[in-house]
Structure formats: C-alpha cells, structure tokens
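Chemist: Just dropping this structure here.
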Amino acid sequence: MPGELASDEEFADPVQNFKIKSYYVILDIVSIQIQERFNESSTPLLKDISLFQRKRLKDVSSNASSLSVDAFQGFESIYGKFVSAIDLRREYVQFSKAYFSFEKFIQLPKRIHNVSDHIFHDTDDEQGFEESGFGPSEQYKDSTPLQTIYNVCHMTGLKNIFPAISIALEIALTLPVTSASPERAFSKLKLIKTRLRSTMIEDRLEALMIISSEKDIPVDNTEVINIFSSYSSVLRKLLH
C-alpha cells in the first residue's frame, strides 16, 4: 500500500527467484493474451478465415450444401461495411468450383511429354500437387495457403469476378498475427513524424510510412522520376 516501507521478500534460492519473477510472470502474460485474442468476439472471425483452405474449398466444390448456413457471419459483424455475409457465401460456392482450375494454370506445366496420366487428376496434398507438374509459380512456393489463394485471384483476374472474396482475402492477409507488426509501424511513425514535421498532411505521411516500412519491395527509380516530373514542366526539364 502507499506509504508502507516494507520491501518485497528476497529469495535466497535462485531457482525459486526465477520461478516467481520470470516463469510465473510469463505464464500469466501468455494466459491473459490467449484469453484476449481468442474470445467470443474474435473466434467467429477466425473460423470464417479458416474457410480459405484448399481442403474446405474442395469440399464445397464437390458439395455446395456442406457450406454452413451461418458462414461469414463473424466476418460481417466486424467488416460489414466492406463485405456482406450473403455476398461472401454466394461467391464462395462459385469460387470453390473455379479455383482449382485456375490454380493449375498460373504457370505452364514443367513437363508436357512423357509424364504419367496421374498429373491430370487433382491432388489434395501440396506435395502431390507440385509433383503433378502444375502449381503456383516458384516465387509463391513457400507462401501460406491464404497467400496462394490471393495470388491466384490477383494473377488470373478472379478478383474482378469475385470482388467480395477478394476483399475478404485482403482483410485476412492484413490482420497482424502478433503485435510485433503494429509496434514496428509505430516505431517508424515516431521516427518519421518528428516535432519539425508536425504539420505534415496525412497523404504525405502515409506515403513516407509505406516507403520506410516496405523496403523489401523493389521500386523502379526511373518510373518514379517520370511520374514525379510529369506534374511540372520545370521538373521535367531538370530531371530529363
């Protein structure tokens, strides 16, 4: 209590000291975080995101009635202003029937001749899918199923045919799995928006944040210069 002069008891045994000051504290933090992250409000959303698995897509493609009547309700309860559960369920059934055909032809088969007939049949496991000679391009080989599905939509133009599914995938991919990503973003924000930049407008701040956070994305400097110079005839003369 405030004003008390008594200090915490010191432990002579280092093992007991580690248990109380480190081990039990870590367990308490983990327990609290699990309860906060997987509660009644977040679990329905995670269940809806789990529908974007190859196995679930294959099940629904062969039997549309296997899709739950309340599918994507949790998604709509949080992101209802972007997508509706009715649109997602309707598009999901059609998407599951078309997805595997488009997934095969993201790139040309590795072998055309002298390959056994089994390559023309769908396989449930990723290894069999790759051995068939068809599959996502090499740059997406190590991607998660969710990333692979989004890449297929993006590369084949399916996102224009299934806009609700595309929006749902984009939302699911931008959800941070841990708090590390938001913490890094705020660290960048602190470095960029200093006291001398307090009057910076939101568009410029967002652009600087993207440049700083996404350094691994390759940028064509020549294209950037051309776009930048197109806004002014004076800049065009100086930069070209």
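Chemist: If you put +1 on each Lys and Arg Cβ and -1 on each Asp and Glu Cβ, how big is the dipole of segment 1-104 around its Cα centre, in Debye rounded to 20?
Modeler: 1120
Chemist: Can you list which of the trypsin sites (Lys or Arg not before Pro) found in segment 148-227 are DSSP loop residues with at most 16 other C-beta atoms within 10 Å?
Modeler: 193, 215
Chemist: Where Rh denotes the Kirkwood radius from the mean inverse Cα pair distance, what is Rg over Rh for segment 159-227?
Modeler: Rg/Rh: 1.06.
Chemist: Which net charge results when you count Lys and Arg as +1 and Asp and Glu as -1 among the other residues whose beta-carbon is under 14 Å from that of residue 198?
Modeler: Taking every Cβ under 14 Å from that of residue 198, the sum is +4.
Every read-out reported here was derived from the displayed coordinates using simple, explicitly stated rules and does not represent laboratory data. Because the structure is a prediction, the values reported are computed rather than measured. Neighbour counts run over all protein chains shown; Cβ positions are idealised from the backbone, glycine included.
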